[in-house]
Structure formats: C-alpha cells, structure tokens
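The structure appears below as structure tokens.
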Amino acid sequence: HLISILLVHWNIFNFKIFTFISTACLIGIVAFFYRSIMEKQKALLFFIVVILLFQFQYYNSILLPTDALYSTCTVFYVFSSLCLLNKNSIWKFVLSLLFILLAVLNCGSGFAGLIAGALMLLTQKRMKHLFVWLIFSICISVIFFTNYALVHQSIFSSENVLVFFNRILKCAVFSLAFLGGPFQLPYHIEVSFISGAIVWILFLFLTLKKYYKINPTIYFMLLFLMICSCLPSLLRSEYEIKYATSIRYGVYAMIAICCCIIGCFELIDFKNSALLIKYVLAFSILYHLSTNLFFYPEVVIRKQKLETFIQHIQRDEPFELPPVTPCTPEEAKVIIKESVQRNIYTFPQ
C-alpha cells in the first residue's frame, strides 16, 4: 500500500513494478533455500529447488500482482523472519519481528508464521526471546482483529458439533489436495490427494526424527506451510475441495515439497545419496517441462481474456465478470476508467 501511494504520488504507477517485486521475492525465497541447505550435495539440491519453483504452473502467484503480492511476498517475509530468528542475535531478532509484521500485514497467512516462530524459539529454549515474540504476537493480533469483519463463514461458527467435526474432516481433505496441488496433471484431484498425503507423512516423519534440531529454518518453514494448507478451508467453510488445487496456492505447496526433499536428504544417511539426488533431479526436469507445456497455454488464454474484457470497457460494450469478482460490472467500469484518468492504468494497444 505504501509503495502504491508513492508511485501514484510520483506519477509513475505501473503494475509491472509489482510483478517485478513479486518475482524478486521468489528469487529471494530461492536464495534463502540456498543458505539453509546443509546437505553435502548442496549444489544439486539447490538446482532441484530452482527447477521446481521456476515454472508456469502457478503463474497467478508470479505474474498477476494481486495474487503475487498476496502469496509470494508473504512466503518471502516469513522465510526471512525464520532465517533471522534462527540466529541467536539481538539485532537479527529485531529484524525477524519486522519481517513477520510485514507478513501479517500483507496476508492473513502471516499469522501462521507467528506460530512457527514461537515454536522455533520454544524448541531452542530461548525463553526471553519467546516471551518478547509472544507479547509482540498478542499486540499484533489485538490491533489486527479489532473491529474485524469476517467476510466468509468460519469453521468455528458451527453450532452443531457433528457439523463442526464434518468441517474439520473437510479441512483435512482440503489440506491434502492443497499440498498435492502441484501434481494435479491433468486436473486429476485424486493424484493431488495422494501427493498431499505423502507430504504430510514426510512432515510427520521429520518431526518424529526431530529434524527441527538439525535444520530449524527448513523445518519451521515447512510447519508454516502445513498450517497454511489448512487455513483456506478453516476460515472459509463454504470453499469446495476443488479450490484446493487452485494455481493461486501452488507456490505454497511447491515450497513445502522442496522443504520435504531437503529434509529427507539431510536427515537420512543414504548410501548412494549423490545417485539418488540425480534421479530426483531428472524427475524434476521432466516435471518442469511437463508443467510448462501444460500451463503455458493457460497464461496465453488468460491474457486474451483480460484483453477482451478491457476492449469491452473501452467500447462501452456489455461484459461479464468472473464469479469471484467483488464488484459489479458498472463498478468495474468506473474503477478502470478512473484508473486511466489518474494515469494508474493504460489501456493495452
């Protein structure tokens, strides 16, 4: 919001600037992965992460500013906070508070980062830092939720116990599909359930093996993402399971998968780890190519639809908005035209 105000004030507002910011955050996430990997085959593991993250499957979270700033930037802020929090330093602890504040202000899923950070400090027995972190979390929560209006029906609003437990079950199923979303090719949600179950099994395995003591940053980043997989269904009980595999959530799921891969190679003493990593690398390359072939046409189609939508507004022709758009066609037309007048938006040629 502050950047938007500055750009409008300087009369240089351009949506491409926000796309650049979100892409820079994705690069930042990859950089944090590189710093966090402790496995001997660090270069190969890092290459796998890069191949898995830079693809077209979740173009919403990279190319479209609304989703990109909402998802990718929040993950970057939380990752930054956890990396700094893992260093037993006063000034880095202060910086970690700043980054987690940015995460919360940027997106509600940032609150999951507060939970992950608190558990990191608890497992490391840094009680003074934990006390400050909890006080800081309480203050943020009180300020954030004062006069807060929940737009969607929450799972906690159920009066009937049976309905409540049904929603909890739905939340669990949603989490499986959410985490397995990157493997939905070609839109078979059953594959997503299986993939999501594997991610949960790996997370539980890493927990039982106390991986949080070996590599706290990767483990608690994974914990943050596991909590995030439950939030959409938990806070929006009317969400159908099909929304779990939405490409807007793909970046969360893929980063969780990368954390699982890193954790397994760092925790298990594979006799031929170098050979196994090469097999995983080969699979990652094939997966990367298949997702690009499958999803790149969707990027082109999405662009064509947006251009058609704008052309209808330019010509004052009737048009329809997507079902999830929180405004009427008349309001959309006013917003677009006023944005053009204020030099915030320029009609494509």
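Quick notes on this structure:
- In plain terms, the bigger the Kirkwood radius, the slower the diffusion; for the stretch 1-61, with that radius from Cα pairs, at 10 °C and 1.306 mPa s, Stokes-Einstein puts D at 116 µm²/s.
- Calculated FRET efficiency for the pair V30/A282, C-beta based, R₀ 22 Å, to 0.05: 0.65
- Comparing Cα centroids, the stretch 292-349 and the stretch 1-54 end up 26 angstrom apart.
- Positive-end extreme of charge dipole, the chain - chosen from S137, L45, L2 (charges on Cβ): L45
- Every Cα-Cα pair in the chain was counted, and those over 38 Å apart are 20% of them.
- Average accessible area per residue (Å²) across the stretch 8-71 - probe 1.4 Å, nucleic acids and ligands excluded: 51 Å²
- Burial order of peptide ranges 295-302, 210-217 (average beta-carbon count within 10 Å, highest first): 210-217, 295-302
- Distance between modelled label sites at S290 and L98, nm, 7 Å Cα→Cβ extension: 4.4 nm
- Accessible surface of the chain [probe 1.4 Å, protein heavy atoms]: carbon and sulfur percent: 69 percent
- Point-charge dipole on Cβ atoms (K/R +1, D/E -1) for the chain, about Cα centre, debye to 20: 1300 debye
- For H9, the solvent-accessible surface with a 1.4 Å probe is about 150 Å², rounded to the nearest 10.
- In degrees, nearest ten, helix 329-341 long axis to first principal axis of the chain (Cα): 90 degrees
- Exposure of C327 as accessible area (Å², to 10), given a probe of 1.4 Å and all protein chains: 40 Å²
- Peptides ranked, highest mean first, by Cβ atoms within 10 Å: ranges 75-88, 46-59, 218-231: 218-231, 75-88, 46-59
The values are calculated or read from the model by the stated rules, or taken from the named source; none is laboratory data. Quick caveat, the model's predicted, so the values are computed rather than measured. Every residue, glycine as well, gets a Cβ built from its backbone with ideal geometry; the counts of neighbours run over all protein chains shown. Protein only, heavy atoms only, side chains kept; ligands, DNA and RNA dropped before computing areas. Shrake-Rupley method; radii C 1.70, N 1.55, O 1.52, S 1.80 Å.
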